[in-house]
Amino acid sequence: MLSISIVMPVYNEVPAPGDDSLLIRVRELLQLLRQNDELLLVDGGSTDLSWPVLQTLAEHPQVTAIQSNKGRAQQMNAGAEKARGDVLLFLHADTVLTKAAWHAFLLRVNECLWGRFNVRIDGRSAWLPVVGWFMNQRSRLTKIGTGDQALFVSSELFHQIGGFPNQPLMEDIELCKRLKRIAPRKFVAVDVPVHTSGRRWDVNGTWETIVLMWRFRFLYWRGVSATQLATLYADTRQKWPVTVAVFAKYPRADRVKTRLIPMLGAEQSASFARYLLLSTLDKLQDVNVALWTDGGSPEEWDALLRGRAVQRYIQPEGHLGVRMQMAVTTHLSSSELVVLLGPDAVEFTLSHLRQLMEAARRQGLAFVPAHDGGYVALACNRSVSEIFSGSIEWGSARVADQTRAALQGQGVHALWLPPQLDIDEPADLEKAIESGCVPVDWHVRYQVTD
């Protein structure tokens with residue numbers, strides 16, 4: 001009986017306390033394992049609660065949790081290096097291996113060296129079943145699978161070809177191409193589907209995502225390198241239906257989070273601002289992000305961002321309303337929706353982003369208010385000048401109320417979602433740590449020397 005090692009790369013899958021979707025999926029997966037099978041969870045340096053959750057899961061005798069450099073190829077190779085099974089099954093964290101798919105796989109595992117499952121994409125769009133069908137038919141004909149289809153390969157063959165290529169995109173395509181050259185007749189397509197999340201399609205638009213994926217596959221087929229595609233990927237993201245504009249000052253001591261200085265000191269307050277910004281950008285890694293900066297030289301920002309795929313803009317002079325309106329006007333020329341977000345919105349997750357976007361699509365304007373009287377995020381499909389007025393007392397506890405009044409005076413309707421915490425005062429930080437929105441060890445997550 002061949003033993004199976006399931007390798008799962010994980011990055012920022014537990015954004016907030018109480019988000020136990022990963023925990024549930026993994027525990028359901030563990031119920032499928034036979035005595036000699038194992039699960040390797042490979043964290044790529046998550047900045048949320050993922051690593052503590054993986055450590056908890058590793059208390060199970062068939063689970064190993066390890067850390068590696070960020071990147072699916074590197075994470076999956078790191079897991080494969082530790083694996084003891086005869087067959088490696090690479091399962092993305094947002095893909096569910098059902099009981100039926102697992103049993104269908106076990107029935108055929110002895111006859112194959114490598115292969116993939118059919119896939120079903122779960123999401124809101126009615127087109128997703130069609131997308132999944134075409135993915136399955138294409139890969140059956142070409143013997144080229146994708147990571148969403150849960151690739152599997154014998155451990156011996158995997159190490160023979162050198163594992164996944166260390167490249168930022170298309171590592172799954174390249175692996176299949178190499179396997180196809182060596183063992184084309186040992187490919188198996190398991191007809192029972194795994195279920196994968198359609199969040200990319202839901203957030204970025206179904207047809208926009210399809211066109212983008214096919215464009216990149218075509219360019220890769222034409223010989224464009226994965227590194228070039230990764231750069232192009234960052235450049236084309238501004239054409240997606242949403243742009244999230246994040247506002248941030250350069251994290252310099254005595255200039256950022258000054259109200260936290262009595263609690264943390266000037267240097268630690270700047271370090272905390274650095275943590276807030278970088279963790280927010282990493283949380284939004286699958287979304288088109290524009291960073292509107294205040295202060296800092298280009299060289300300082302390049303060193304701070306360390307290659308993160310964000311567009312950077314310089315905030316104009318004027319009060320906050322002027323700066324926000326500039327961002328909205330700029331991005332509405334290339335995006336259906338613009339979301340404005342501050343990096344201290346520690347409770348804000350991708351789920352909240354989807355809710356906010358859906359509300360803005362229905363109403364045209366939607367807010368996530370803050371408990372302190374302001375708001376942590378807004379989304380709009382048009383520029384509404386009243387919400388950017390200089391008559392609003394920016395930075396005060398009256399911002400949300402004054403915004404509501406301004407909209408009401410113009411007969412403009414907006415949707416207001418449940419309020420969230422943002423961090424300005426020492427009590428806010430204490431509450432965020434107590435609730436788990438900010439990890440206790442935040443000060444070591446993004447050190448200046450990392």
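The values are calculated or read from the model by the stated rules, or taken from the named source; none is laboratory data. Note that the structure is predicted; figures quoted are calculated from it, not measured. Please note: Cβ atoms are built from the backbone with ideal geometry, for glycine as well, and neighbour counts cover all protein chains shown. In case anyone asks, the SASA skips ligands and DNA or RNA and just uses the protein heavy atoms, side chains included. Shrake-Rupley method; radii C 1.70, N 1.55, O 1.52, S 1.80 Å.
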Completion exercise
Counting only residues that are over 16 Å from the mean Cα position of the chain (by Cα) and touching a residue at least 40 places away in the same chain (Cβ under 8 Å), the range 289-312 contains a total of 10
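Going by what's in this entry, would G145 be described as in contact with a strand residue (DSSP E or B) (Cβ under 8 Å, 6 or more places away or on another chain), in a helix (DSSP H, G or I), of a type outside the set (D, E) and open to solvent by less than 10 Å² (accessible area, probe 1.4 Å)? Break it down into steps so the answer makes sense when it comes.
Details: in contact with a strand residue (DSSP E or B) (Cβ under 8 Å, 6 or more places away or on another chain): yes; in a helix (DSSP H, G or I): no; of a type outside the set (D, E): yes; open to solvent by less than 10 Å² (accessible area, probe 1.4 Å): yes.
So G145 does not fit the description; no.
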Handout entry: Failed condition for L407, given (1) open to solvent by less than 30 Å² (accessible area, probe 1.4 Å); (2) in contact with a Pro (Cβ under 8 Å, 6 or more places away or on another chain); (3) farther than 25 Å from L260 by Cα; (4) not charged (D, E, K, R)
Key = (2)
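Looking at A327, A309, A303, which one is more than 23 Å from C437 (Cα to Cα) and surrounded by fewer than 14 Cβ atoms within 10 Å (Cβ to Cβ)?
Exactly one of A327, A309, A303 is more than 23 Å from C437 (Cα to Cα) and surrounded by fewer than 14 Cβ atoms within 10 Å (Cβ to Cβ), namely A303.
I'd like to verify a number: residues in the range 258-284 that are under 30 Å from A360 (Cα atoms) and surrounded by 19 or more Cβ atoms within 10 Å (Cβ to Cβ), how many?
Matching residues across the range 258-284 total 11.
If I go through the range 381-403 residue by residue, how many of them are outside any loop (DSSP other than H, G, I, E, B) and among the aliphatic types (A, V, I, L, M)? Let's see the steps before the verdict.
Within the range 381-403, the subset outside any loop (DSSP other than H, G, I, E, B) is 385-388, 399-403.
Okay, now just the ones that are also among the aliphatic types (A, V, I, L, M), so 387, 399-400.
So the count comes out to 3.
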Practice task
May I ask you to verify whether S139 is closer than 18 Å to M213 by Cα, touching a Phe, Trp or Tyr at 6+ places or on another chain (Cβ under 6 Å) and of a type outside the set (V, I, T)?
Solution key: no
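Matching residues to (1) open to solvent by less than 60 Å² (accessible area, probe 1.4 Å); (2) more than 16 Å from the chain's Cα centre (by Cα):
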position	(1), (2)
V14	yes, no
Q31	no, yes
N36	no, yes
L40	yes, yes
G45	yes, no
Q67	no, yes
K70	no, no
K99	no, yes
Exercise for the section: Please specify each residue of the range 161-175 satisfying the condition of being open to solvent by less than 30 Å² (accessible area, probe 1.4 Å), of a type outside the set (A, V, I, L, M, F, W, C) and out of contact with any strand residue (DSSP E or B) (no Cβ under 9 Å at 6 or more places or on another chain). Expected result: G163, P165, E171, E174
Problem - For F158: the one exception among (1) touching a Pro at 6+ places or on another chain (Cβ under 6 Å); (2) open to solvent by less than 20 Å² (accessible area, probe 1.4 Å) - result: (1)
Handout entry: Filter result for R120 (touching a residue at least 24 places away in the same chain (Cβ under 8 Å) and buried (at least 17 other Cβ atoms within 10 Å of the Cβ))
Key = yes
Fill in the blank from the handout: Going through the range 270-291 in order, the residues found to be farther than 18 Å from R306 by Cβ and modelled with pLDDT of 90 or more are F272
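Look through G205, G223 and report the one residue that is of a type in the set (G, A, S), modelled with pLDDT of 75 or more and either exposed (fewer than 14 other Cβ atoms within 10 Å of the Cβ) or touching a strand residue (DSSP E or B) at 6+ places or on another chain (Cβ under 9 Å) (or both). Can you show your working first?
Working: G205 fails: modelled with pLDDT of 75 or more.
Of G205, G223, the one residue that is of a type in the set (G, A, S), modelled with pLDDT of 75 or more and either exposed (fewer than 14 other Cβ atoms within 10 Å of the Cβ) or touching a strand residue (DSSP E or B) at 6+ places or on another chain (Cβ under 9 Å) (or both) is G223.
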Exercise for the section: Filter the range 154-201 down to the residues that are free of Cβ contacts under 8 Å to residues at least 40 places away in the same chain and in a loop (DSSP other than H, G, I, E, B), then identify the one that is farthest from N77 (Cα to Cα). Expected result: I161
Handout entry: Complete set of residues in the range 101-117 that are aliphatic (A, V, I, L, M) and open to solvent by 10 Å² or more (accessible area, probe 1.4 Å)
Key = A104, L106, L107, L113
Problem - Test: residue in the range 357-380 that is part of a loop (DSSP other than H, G, I, E, B), on the phi < 0 side of the Ramachandran plot and among the β-branched types (V, I, T) - result: no
